[in-house]
1. Would you point out the residue of the stretch 58-77, among those that are β-branched (Val, Ile, Thr) and surrounded by 13 or more Cβ atoms within 10 Å (Cβ to Cβ), that is nearest to Lys151 (Cα to Cα)?
2. Condition (residue is in contact (Cβ under 8 Å) with a residue 12 or more places away in the chain, within 17 Å of Leu180 (Cα to Cα) and in contact with a helix residue (DSSP H, G or I) (Cβ under 7 Å, 6 or more places away or on another chain)) applied to the stretch 123-146: is it met by at least one residue?
3. Would a scan of the stretch 44-53 turn up a residue that is out of contact with any Phe, Trp or Tyr (no Cβ under 9 Å at 6 or more places or on another chain), open to solvent by less than 60 Å² (accessible area, probe 1.4 Å), among the small types (Gly, Ala, Ser) and free of Cβ contacts under 8 Å to residues at least 12 places away in the same chain?
4. Going by the structure shown, is Phe115 under 23 Å from Phe25 (Cβ atoms) and assigned to a helix (DSSP H, G or I)?
5. Which residue out of Ser162, Ser199 is of a type in the set (Ser, Thr, Tyr) and farther than 12 Å from Gly73 by Cα?
6. Name the pairs whose Cβ atoms lie under 7 Å apart, with the first residue in the stretch 11-30 and over 18 Å from Leu101 (Cα atoms) and at pLDDT below 70, the second assigned to a loop (DSSP other than H, G, I, E, B) and open to solvent by 100 Å² or more (accessible area, probe 1.4 Å), and 6 or more positions between them or separate chains?
Amino acid sequence: MNHSAQTPPPGPKPFNPKDAILVFFAFALISAAVLFALVIYDVLTLEDLLSFENPLQLAMYSVLPTISLLLFGIILTLLTPASYIDETNKSYQKYSLAAILAFTLAAALFEELLFRGIIQNVLNLYLPGPWTAIAFTTVLFVGTHVQYYTKPLMLLNITIPSLVFGWVYVQTHNLLVPLLVHFLMNLGITLLFKYKVISMRGEKG
């Protein structure tokens, strides 16, 4: 009897945050190198990327958007049935605090360097008005999250934050601010799930 014929085909590789962390940090380094080149060739200036002209404004745009996006995430979670959430977003909350910290930091670092630092800045050179660049950047940001295509409501969960990150960057001209807001939003929501402060509608046990 051939038992090998009864062996089920291997399924998709389960999500591993350690692999994702390495990938995100690698792409973040590439994005940082591209930004450096854009500065060297006078496409952008350091003032476009890291302005510290108004520290009080930097603090305000770090705190208020973070709180607002956390509230948005909590409300959306409480209103969204668990079946509408993709499996990856359910799984990484189970990992260690160190893994969650590294994963959310790496993801925010890569995405802000790429989307706000490179794409939004370059589009802003050619498109009329900053909101046009923010809107096009958000379309690209949403488009890269292919894991959400089967869970369309998840697209709303990243569209609103992307618009906020873009707006925060326009107001501050400092990439560290949307990076911090992005990191704290993702970390905050993940920890609220991890420690069962909030849960999705219809979620079992």
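1. Thr77
2. no
3. No, the stretch 44-53 contains no residue that is out of contact with any Phe, Trp or Tyr (no Cβ under 9 Å at 6 or more places or on another chain), open to solvent by less than 60 Å² (accessible area, probe 1.4 Å), among the small types (Gly, Ala, Ser) and free of Cβ contacts under 8 Å to residues at least 12 places away in the same chain.
4. Values: under 23 Å from Phe25 (Cβ atoms): yes; assigned to a helix (DSSP H, G or I): yes.
Yes.
5. It is Ser162.
6. Filtered contacts from the stretch 11-30: no entries.
The values are calculated or read from the model by the stated rules, or taken from the named source; none is laboratory data. Bear in mind that the values here come from a model prediction, so they are computed numbers and not experimental data. Here Cβ is always computed from backbone atoms with ideal geometry, including for glycine, and neighbour counts include all displayed protein chains. The protein model used for the area step is the full one, side chains on, heavy atoms only, and it has no ligands, DNA or RNA in it. Shrake-Rupley method; radii C 1.70, N 1.55, O 1.52, S 1.80 Å.
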